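Remarks on the structure that follows.
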Amino acid sequence: MLLLIPLLPLVGFLVNASLGRRLPKSISGGVACAAMVASFIVSVVAALDLQAMHVESPALAQTVFTWLPSGDLQVPFALRLDNLSTLMILVVTGIGALIHIYSVGYMHEEPDSEYARYFSYLNLFAAFMLVLVLGASFPVMFIGWEGVGLCSYLLIGFYFKKQSASDAGKKAFVVNRVGDFGFILGMLLIFATFGTLDFQGVAAAAASRAPETAGMGVMTIATLLLFLGATGKSAQIPLHVWLPDAMEGPTPVSALIHAATMVTAGVYMIGRNAVLFSHAPLTLELIAAIGVATALMAGTIGLVQTDIKRVLAYSTVSQLGYMFLAMGVGAYAAGIFHLYTHAFFKALLFLGSGAVIHALAGEQDLRHMGGLKKHLPITYWTFLIGALAIAGVPLLSGFFSKDEILYRAFVGTEHAHGSAVLWAIASVTALLTAIYMFRLVFLTFHGERRAAHSAPGTLHPGTLHPGTLHPGTLHPGTPGTHGTLHDAPPSMAIPLIVLAIGSAVAGFVGVPHALGGSNSIERFLEPSFEVHATAESIPAGDAQAPAQAEGEHGEDVGTERMLMAISTGVAFAGIGIAAFFWLRNPERAAAVARQFSGPYRFLLNKYYFDELYDTLVVQPIKQVSTGALWKGVDAGLIDGGVNGVGAVVSGASAVLRRVQTGSVRTYAASLFLGAVAILGWYLWT
Amino acid sequence: MLSLIVFLPLVGAVLALLAGGRGDRPEREPLVRNVALLTSLVTFAATLWLWWRFDPASADFQFVERYDWIRTFNIQYYVGVDGISLFLVVLTGFLTPLALLSSWESVHKGVKTFSFFILALETAMLGVFVSIDLFLFYVFWDAVLIPMYFLIGIWGYERRIYAAVKFILYTMAGSVLMLVAIIGLAYAHAQSNRAISFNLLDLYNVPLSPQMESWFFLAFTLAFIIKVPLFPFHTWLPDAHVEAPTAGSVILAGVMLKMGTYGLLRFSFPLFPEAASAFSPVLALLAVIGIVYGALVAMVQPDMKKLVAYSSVSHLGFVVLGLCAMNLQGVQGSLYQMLNHGVSTGGLFMIVGMLSDRRHTRLISEFGGLKAVAPRFVAAFLLITLSSIALPGMNGFVGEFLILIGAFKWSPRLTAVAATGVILSAVYMLWMFQRVNYGEVKNEKNRTLRDLTPREWALVVPTVAMAILMGVLPGIFLRPMEPAVTKVIERVKATQPARVSNGISGVPAGERTDNPLPNPEPPPSRAALRRDLAGAFAEAGRISSPGTKP
């Protein structure tokens, strides 16, 4: 049954990829959506089956066939469903299905063949993502891991005629490959050390060792390499540079791949290998540091971006940083909890921005929006819920998951220490989040429409690319895209409403003890982060850990409530600041930007990461490859040498010209005879 | 039966010549082409039959045929197939019809001789992979050069003569030394066993002095690594590829380069295990340099064919690295990567050939935006590109992953450097793919390019299907390989101490004490090399005296 979950979208892909061009939109879109909905239903059934097992650590497994058999390396294509992967497949298929449905409306202006191509990629993505999540071993996960990267590449470059889109796709793939380099080496080291690549086997083997508290042990190096893979997939420093550019893809893609699912794969991978990472405290520290640094950096950049999707992209990078912070302090459940709530509200925000872009015929520049509240009421209200959720306003989903992370960052877990510094930086990031999100809300929906009087053709040239396949711009004459503004059509509105409800209530699965809840998500996920005693497995070394965690609960309720109060204040303060600058005194924001023009430009240019990489990596490699290696070593040194020998020989042979017939066959024959003669001479004398 | 498979293409080649009639008869072209294609398809079917009947549990040669050939020197016609050669035979059968089809429309000059050479080449290549007698092997090995020389020299592009001569001189230089070593080895056998032999299975057990072994190893290995080609012996390859017709490139990259890596695995390593273990760090280093170097140089090539040629240097570096690791995953991965490279690089040359047929240029800058013009062609291009950059689920990944697993056990550092090839291959392939297929159509000539023709579908579908099959079900290939690979590894590993204790026949034990046995310090300096060479030859002379003059 597990196989069915990725298989259904794969079938959808095959149908659309082979027949799609000849199918009308209703069928190609319908097939894709049906495949996702069916996959969601199967996932729900599987989840119910799993919960019906009533054991401490329920799991379903399915081995399809032996994929890689080579001596002591035997990799079965095996899928495994436990509580952690249950949560993930429900997010992937559930939110995936909603985004498929949304796409039916969003992409309807594409020609049939492009429409089918879009849906085939989207289905393929879902199939790979589900393999990634369900894979029971590193190599099977890696199939999904690289597969989603491929789909991301194809979908970012979906508008392939546009140079920036195909550049962005390639950049995403290559940067991800840098991460995959780490992932592969990590796998190699793990196999060389533990002799297995199965997640459970690795966890059991790791648990039998003592945590590497001092120095760089094997597990530390392996986890660092895996973490490099995670920074690529999940856009963390230093490999975060591809995600903002990935916004070149269609907006539903940004919602599904670059917000809700694929980019969280790195977080998931760490959660999947929680036992291993717990045994490498050094790596955990680095993860926490990178996570919080990324969160802060992306938050500051998000403050000044003018493209609606780029603001959301940096917000995603920032929120992913939050998740890594949680993983880094060993609060795996909190990280996954945030992954789950973030999937709702960030998908919602992207889809909302898509509805805005759709209504404005491809306009993405915040400076040309404003006052859309009354024209797009559904979009506005759902977007507002998403913004409140991500800002951390109490009782919405983001509040619970974010507070859990902040709390854990402060007090730590049994695996790693927390610190006031981590907490403080994370809190500043929370403030920034509230500010840039409400800046976005106010600039988009409130005030007066700043480009209302200009015809679509005269919109800002930098953001509206003439001749591209952006929805709306392809057919400038399409009714409904300009003139009067239309709110989202039903296929787009329904996903928005469902996600808004989700963003509001999804957090109630994780109400903390401090608020009288039971934090059921943590209990639900916890078995996935531990090793479960099987017959041959390890004597209980972690036995004291849960007890210790229990012990902390009582005394920390006070701390947790206090931190909660602070972060609530922070959220409202951020919204207030945003209101002050962008609702009440729009000119003040510009004045501040002028006053601090240096830092402002630094942020606007995204800390100059792209320029830095181009100067330090890309250009030198190109120049060395062309100048030194190809023209120098290859053509100059080696071929020069070879041709030089040839010249010497031909000079000498001018003397012997008479025996030269010019026929290569004769040369070959004489070489052969000569060799025999030389050897014969040595042997018989 | 095996001989039938080997010589069937040659029969077909003669039939194609006869079908062409005397002189230049264009009206007979279709007949000639069909005879050739049919022959190659029947051969492919026969190789599949071979796979079907192959006993995957056995490590020994199967379908063995053995006849006396030149009795004076005990040279035999001795052929057989084991798990190492089986799939190379199948690969040859698979690629030859595709090669014929790929030049179906671009070759019009001398179709009958063209078909003749391709099919004759197939016989020679099959012969290389099935020979158990070393002399027979050498005959096939050199026989391969002749048709390829003419294929490049007659049907190639502008600088074809230069490329053809460079190709043949480079490879001849290596193979002559190998011939010396083969004969030397046969005589060494005569010393210890009182009878000359070219039988590989006999020669595996010939005791050799360390110097002799080193020199024989180097002579064999040089021939093979030129063929591979291993950095820095690779510069014939870009020229040969660029100038060769598409069919030539497909076969050259697809099959001929594997003759080199096959030779390392079949001859260099198991015949001379001590020298192999002494020199494999050097080989591995060159392989890793080749991986990175080939990728970097590929990245900046303006000509698609050159790009693919340099990518071959990079991919074959992986193969050699896996061989040097000499453990099951490494060697199986290498063998797998040989097949992968045949499929994916063969496919890439077909793709470039299709563009070259349409536009008569292979410069990347001449193209752009093809996706809007020929979407099916671009889809095929993409799939073959993905196979080449080792996306999991396609063939390339299986080979690279196994090689890396095996190599990592042996040398983590070299492996870490080699793994950067994963990044670089994505860079050069996707960059080319982007420049050719994405963006707006800028060149007016590209606006009317036709999409895949039925003939091209027949090229693309089997290639892509094979790439996916090999990625999804590698077990059907890996399992039959395993026993034979295990046997080779055992031979290489086991004979190392055995030979040391054996001593060296004909030489008093006292003389050997000043020569510490397996020389762990590669590479010897030039002076040391010269000294060793002199010693080796002197020793060869000394060994010979009791044997030949009883």
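For this structure, a couple of remarks:
- For region B:184-254, the gyration tensor built on C-alpha atoms gives a prolate shape. Its axis ratio a/c (a ≥ b ≥ c) is at least 1.5, and a/b is the larger of a/b and b/c.
- Alpha carbon convex hull of region A:116-218, volume per residue in cubic angstrom: 97
- A Cα-only calculation for region A:331-422 places Rg and Dmax at 17.0, 52 Å.
- Region B:269-409 - Rg and Dmax from Cα coordinates, angstrom: 17.0, 57
- The ratio of the alpha-carbon radius of gyration of chain B to the globular-protein estimate 2.2 N^0.38 Å is 0.97.
- Region A:237-293: C-alpha gyration tensor shape, a/c 1.5 cut-off, then a/b vs b/c: oblate
- Principal-axis tilt of helix B:304-325 within chain B, Cα atoms, nearest 10 degrees: 30
- As an equivalent ellipsoid, region B:69-210 spans semi-axes of 34, 18, 12 angstrom, where each value is the square root of five times an eigenvalue of the C-alpha gyration tensor, largest first.
- For the protein assembly as shown, the average shadow cast by the Cα convex hull is 50.6 nm², which is a quarter of the hull's surface.
- Percentage of interatomic Cα-Cα distances in region A:202-251 larger than 17 Å: 54
- Comparing region B:8-69 with the 2.2 N^0.38 Å rule of thumb, its C-alpha radius of gyration ratio is 1.60 (two decimals).
- In terms of overall dimensions, region B:206-354 has a Cα radius of gyration and Dmax of 15.3, 53 angstrom.
- On the principal axes of its alpha carbon atoms, region A:566-605 extends 32, 21, 13 Å, with the longest extent given first.
- Restraint check, A:171/B:305; A:171/B:306; A:622/B:371; A:161/A:374; A:309/A:374, Cα-Cα greater than 31 Å: A:161/A:374
- All lysines inside 18 Å of residue A:402 as judged from Cα atoms, apart from same-chain residues fewer than 8 positions distant: A:346
- With eigenvalues of the C-alpha gyration tensor scaled by 5 and rooted, chain A, Å: 47, 35, 26
- Over region B:41-81: Kirkwood hydrodynamic radius from C-alpha pairwise inverse distances, Å: 12.0
- Computed extension length for residue A:643-residue A:163: 168.6 nm, one decimal, from 0.36 nm per residue of separation with the Cα-Cα distance subtracted.
- Stokes-Einstein diffusion for region A:280-370 at 4 °C, viscosity 1.567 mPa s, with a Kirkwood radius from C-alpha pairs, works out to 92 µm²/s.
- Size estimate for region B:82-153 follows the Kirkwood approach: the inverse of mean 1/r over distinct Cα pairs works out to 12.9 Å.
- In chain A, the sites counted are GluC sites (Glu not before Pro) in DSSP loop states with at most 13 other Cβ atoms within 10 Å, and the longest stretch holding none of them, exclusive of the sites, is A:57-447.
- If you plug the beta carbon distance of residue A:486 and residue A:66 into 1/(1 + (r/R0)^6) with R0 = 56 Å, you get a FRET efficiency near 0.55.
- Too-long pairs where the Cα-Cα distance tops 31 Å, listed order kept, from A:233/B:227; A:606/B:445; A:631/B:409; B:109/B:258: A:233/B:227; A:606/B:445; A:631/B:409
- Surface/4 of the Cα convex hull for region A:268-322, nm²: 3.8
- Relative compactness, region B:11-143, computed as alpha-carbon Rg over 2.2 N^0.38 Å: 1.18
- The alpha-carbon positions of region B:406-490 define a convex hull whose volume is 162 Å³ per residue.
- Rounded to 5, percent antiparallel among DSSP beta bridges of the protein assembly as shown: 95
- Averaged over peptide B:221-234, the number of partner chain Cβ atoms lying within 10 Å of each residue's Cβ comes to 1.
- Extension gain from residue A:604 to residue A:497, taking 0.36 nm per residue of separation minus the Cα-Cα distance: 35.2 nm
- The smallest convex shape that holds all Cα atoms of region A:38-127, its convex hull, gives 120 Å³ per residue.
- Helix axis angle, B:29-53 relative to chain B longest principal axis, alpha carbon, degrees: 50
- Once the Cα gyration tensor of region A:55-183 is diagonalised, semi-axes √(5λ) in Å: 30, 20, 12
- Angle of helix B:111-130 to the longest C-alpha principal axis of chain B, folded into 0 to 90 degrees and rounded to 10: 40°.
- Alpha-carbon centroids, region B:206-223 and region A:112-147: separation in whole Å: 51
- Translational diffusion of region B:251-294, µm² s⁻¹ [Kirkwood Rh, Cα pairs; Stokes-Einstein; 37 °C; 0.692 mPa s]: 286
Only the coordinates and a few stated rules stand behind these numbers; no lab work does. Predicted, not measured: the structure shown is a model, and the values here were computed from it. Neighbour counts are summed over all protein chains in view; Cβ atoms, including those assigned to glycine, are modelled from backbone coordinates with ideal geometry.
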